[in-house]
Amino acid sequence: MELQRTAFSVLAALAVPAGLFWHRKLPWYAVLFSFAYLSLALLPAGHSPETWATLAATTLVSLALALLSRPWPAHSYRIAMTLPPFTAATWAGIALLLTAAAVYACTGIGTGVAWIESTLKDDRVWVVLSGALIAVFGSQRTVARIVKPQVDHIESRISSGALGIEVREFIAAAAHIGWIERVLLFAFLASGNPEAAALVVAAKSFIRSPGSSQGGKLVGDYYLVGTLASVGSALLISCATRIALGLPPL
């Protein structure tokens, strides 16, 4: 069984219904999707005991998540007053999760441990991971310092009533937008695709919230300075990462 194919298929079978909130709203859709998707992904590659065990364990995990997510009635299955209420569904979900974990451990522990060991010993993994963390989170303080004069000016205008509260909401969300922007920029630049990174910046210039459009030139300057600082930090760190990997900067 190919490890990469199995791992990504299991993640997709569980992540898609979780992202769509099916475990809470449509639990049987979630369980059926997990079973059907993983069957299509794994069974064509073979019918080994490990494949069937992985399929069964993933289906159990999806069922457990449905049991743990649904607002099932409490009945009389509460334990201590100082602990959150545990229902029969909660205990069943925990039991299924433990069962699935045991099956995963028994069927793939050797391959999994070997893969983890090789990954942990791979210098390139840590270089890229460290570069990504620095680009996304480590540069946030630098970007914040660069845009601080614009932010202070905007806050003073908001306090005086010259700008609306929507502008403050836009400023508050800017840090999270910057995280997403730098994740994409670092991924594209570190992988040697600067054209795709340019598309990210271009797309951002077309997508603006009401707060940015209502702030006028002052918010426009903040938007421009913040974007340039975010792009510059991602570009600098991605180039350093590629150089550390023995690759050309771009």
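Estimated from the Cβ-Cβ distance and a Förster radius of 22 angstrom, the FRET efficiency linking VAL225 and ILE180 is about 0.75.
Annotation: extensible slack from HIS153 through ASN193 equals 10.7 nm (criterion: 0.36 nm per residue apart, minus Cα-Cα distance). Shown is the FRET efficiency for ARG141 and PHE8, computed with R0 = 25 Å from the Cβ-Cβ distance and rounded to the nearest 0.05: 0.15. Sorting 52-61, 14-23 by average packing, meaning the other beta carbons within 10 Å per residue, from highest down gives 52-61, 14-23.
Computed from the coordinates by the stated procedures, all read-outs in this text should not be read as laboratory data. Note that the structure is a prediction, hence the values are computed from the model and not measured. Here the Cβ is made from the backbone with ideal geometry for all residues, glycine too, and neighbour counts use every protein chain on show.
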